[in-house]
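Chemist: Structure provided below as structure tokens; questions to follow.
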Amino acid sequence: MADDAPEILDQWWTELAAALGVEDAPGDIAELLSLAGDAAHRVVRPAAPLTTFLVGYAAARAGGDTEALGRAVATARELASARDSAAD
């Protein structure tokens, strides 16, 4: 990743959130990227965007706060880990 990637991602997050009208969206960019990496490596690469979309959707339906997001991330990680373990 480029040296300025974190700054660019922060800017993109802010710009996209504003354009979507969700400036108050909870989320930790590093955690979401880590989750995408888990899905890509433990399931299959195209699972990364699907996983992050479904986690966000589930969190929104569960109240949209930081706790809801944390629960959805944890669930996705557990499933990805279980799939990876089953492949061993």
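Just so you know, all these numbers are worked out from the coordinates, no wet-lab data involved. As the structure is a computational prediction, the values presented were derived from the model and not from experiment. Positions of Cβ are generated from backbone atoms using ideal geometry, with glycine treated the same way; all protein chains shown enter the neighbour counts.
Chemist: With each label point set 7 Å from Cα along the Cα-Cβ vector, what nm distance links residue 30 and residue 67?
Modeler: About 2.5 nm separates the two model spin labels.
Chemist: May I pose another question? Of the labelled options (1) 51, 16, 12; (2) 19, 14, 12; (3) 24, 17, 9, which one gives semi-axes √(5λ) of the Cα gyration tensor in Å as computed for this structure?
Modeler: Correct label is (3).
Chemist: Here's a follow-up. Got a sec to turn the phi values of the range 9-16 into Karplus ³J(HN,Hα) couplings, 6.51 cos²θ - 1.76 cosθ + 1.60 with θ = phi - 60°, whole Hz, x for Gly and Pro?
Modeler: With the stated coefficients, the range 9-16 comes to 5, 4, 5, 4, 4, 4, 5, 5 Hz.
Chemist: Give me a comma-separated list of calculated 3J(HN,Hα) values for the range 35-47, in order, Karplus coefficients 6.51, -1.76, 1.60 applied at θ = phi - 60°, integers in Hz, x for any Gly or Pro.
Modeler: Whole-Hz 3J(HN,Hα) from phi for the range 35-47: 4, 4, x, 4, 5, 5, 8, 9, 10, 6, 3, x, 6.
Chemist: Whole Å is fine, so just give me how far the alpha carbon centre of the range 1-20 lies from that of the range 54-82.
Modeler: Answer, in whole Å: 22.
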